[in-house]
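A short write-up of the structure that comes next.
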Amino acid sequence: MNAIPVLPNYINGQWYTSSTTEYLDVVNPATAEILAHVPLSPASEVNQASLAAAEAFVTWRRTPATERVQYLFKLKNLLEEHLEDLARTISLECGKTLAESKGEMRRAIENVEVACGIPMIMQGTNLEDIARGIDEMMIRQPLGVAAVICPFNFPGMIPFWFLPYAIACGNTYIIKPSEKVPLTMQKIFQLLEKTGLPKGVINLINGAKEAVDAILEQPQIRAISFVGSTDVAKYIYSRAAANGKRVQCQGGAKNPIIVLPDADIEMTTRIAAESAFGCAGQRCLAASIAVTVGEAKHTFTEAIAEIATKRVVGNGLDEGVEMGPVISSLSKQRIERLIQQGAAQGAKLLIDGRNPQIAGYERGNFIRPTILENVNPADEIARTEIFGPVLSLINVDNIDEAIALVNSGKYGNMACLFTSNGAAARKFRYEAEAGNIGINIGVAAPMAFFPFSGWKDSFFGDLHGQSHHAVEFFTQTKVIIERWPNEWSRQF
Ligand code: NAD
């Protein structure tokens, strides 16, 4: 008897077993245990969800915003109540530590809280007497059905950059989680169901390419949000746009941090290590290159090497563990190949974290923190997104060279500067070509009330996730110009 659960989809307020015969294993990256089977749902199930969402939209958009957000207030309380269980599920399927998973859920909840303010933030504008006796107003109306396609690395947080805003603005919604980590969204949908949201307002479709392609083609779906790797982001952006859909795609990253000689080295190395090795380097805002300027090289290199060596690696659910495994054995092999290639191209392997033995977890996808020194900025290790706990060190002579190096990369998700000099900080903030900037900050992740602002190959589109941007993305503006001649009122 097979005790491994088969995950259902959630369409029109009901849980359904997919009609597919194709499934993938959901695997615990720390133990290699199979946690569930996830269906690769066919296009017909995306169509079914879209039709249900389109039908639900008719009533949902007429539901006052003040009523719509009551479901979000309930959701916020349910998420708080179940935070521990949700965090454990994230750690189980994604590998990160329990503290990291709890932090992730806090960020998800923060977005629900912001979206509860929709009756204020969705308001339009107006001006009386644009000409004598004529008034003009701009209102925001929902689009209809919208969908999000999610990556594996934040199964609890990333859908919340979009979902609360989409439904609070009066849209109906479809979520396609990553097929690698679908369990967290199963649990979140059980909570969404408890809020009593009308059927069809939220729908869950598990799957991979076929489901995504159906989302891109489905005529009912008016807007698509995507978060994932750059190649897939470009594909989704172009195909969704060709089909006339509104689309925002957040892509990959290769985030540099610059360390000036006047930086507080104890604080800088602690923060830089957390950025590079936290979540096993699988954050889109993970520091991947540290550019030291002049004398900073010696102090920084020595201090970060020490912190990296001491980091406790293991099962993210175990007490005291500071870094979990990477998501899959394929990912581990790819990261180890890139480390090997970096060393072969001339970088010095200062700390080699490949193939560690983690007692009790011999089948896990573990890599310890790894540091390569004297990396050539032109080499693949310095230009490719590694998405693992690997930091490349590059030394330059001055801040101009450092900023030029930052701006030479094709990505623009984040760039950080460590310094105690305000003028250097301002210069960096002004000149660095990245959408999220940190000054003495290692993971410059915008709070829910600011947009998550990737640039260059880290973002395709115009409006980002979270905050006012999300409200604009999930609404269309309508301008009304009215003339009500004064003499018409004389009859009363
Ligand atoms: P991925 O691109 O492999 O997958 C993301 C989603 O796209 C999944 O739901 C997957 O099913 C779907 N998909 C994958 N290949 C597809 C294809 N050929 N056609 C259609 N759909 C496809 O990304 P991932 O490995 O799950 O996540 C890691 C990536 O996400 C990294 O590059 C990371 O930088 C990026 N990311 C970016 C941000 C950001 O804010 N910019 C945030 C988190 C993660």
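All of the numbers you see were taken from the coordinates with simple rules; none came from a lab. Since the model is a prediction, treat every value here as computed from it, not as a measurement. Here Cβ is always computed from backbone atoms with ideal geometry, including for glycine, and neighbour counts include all displayed protein chains.
All C-alpha to C-alpha distances of the chain, sorted into 10 Å bins beginning at zero, yield P(r) values of 4, 19, 28, 24, 15, 7, 2, 1, 0 percent in whole numbers. Note on the range 334-398 and the range 30-86: Cα centroid distance 38 Å, given to the nearest whole angstrom. Counted over all Cα-Cα pairs of the range 255-439, pairs farther apart than 21 Å make up 46 percent.
Here the sum of -39500 (n - 2.57) over DSSP H runs of 4 or more residues, divided by the residues of the chain, equals -11500 deg cm²/dmol at 222 nm, to the nearest 500.
Cross-link pairs exceeding 30 Å in C-alpha to C-alpha distance, out of Lys332/Lys456; Lys187/Lys209; Lys310/Lys427; Lys209/Lys245; Lys102/Lys332; Lys96/Lys456, comprise Lys310/Lys427. Peptides 288-296, 44-52, 190-198 ranked from most to least packed by the mean count of surrounding Cβ atoms within 10 Å: 288-296, 44-52, 190-198. Scoring 396-406, 201-211, 157-167 by mean Cβ neighbours within 10 Å over their residues and listing the highest first yields 157-167, 201-211, 396-406. Each label was represented as a point 7 Å from its Cα along the Cα-to-Cβ direction; for Gln14 and Asn376 these points are 6.3 nm apart. Charge tally for Pro356 (other residues, Cβ to Cβ under 14 Å; Lys, Arg +1; Asp, Glu -1): +2. Taking label positions 7 Å along the Cα-Cβ direction at both Leu127 and Glu33, the computed distance is 6.4 nm, reported to one decimal. Taking only the C-alpha atoms of the range 106-196, Rg followed by Dmax gives 17.4, 61 Å.
In this rough spin-label picture, where each label sits 7 Å from Cα along the Cβ direction, the His298-Asn440 distance is 2.5 nm.
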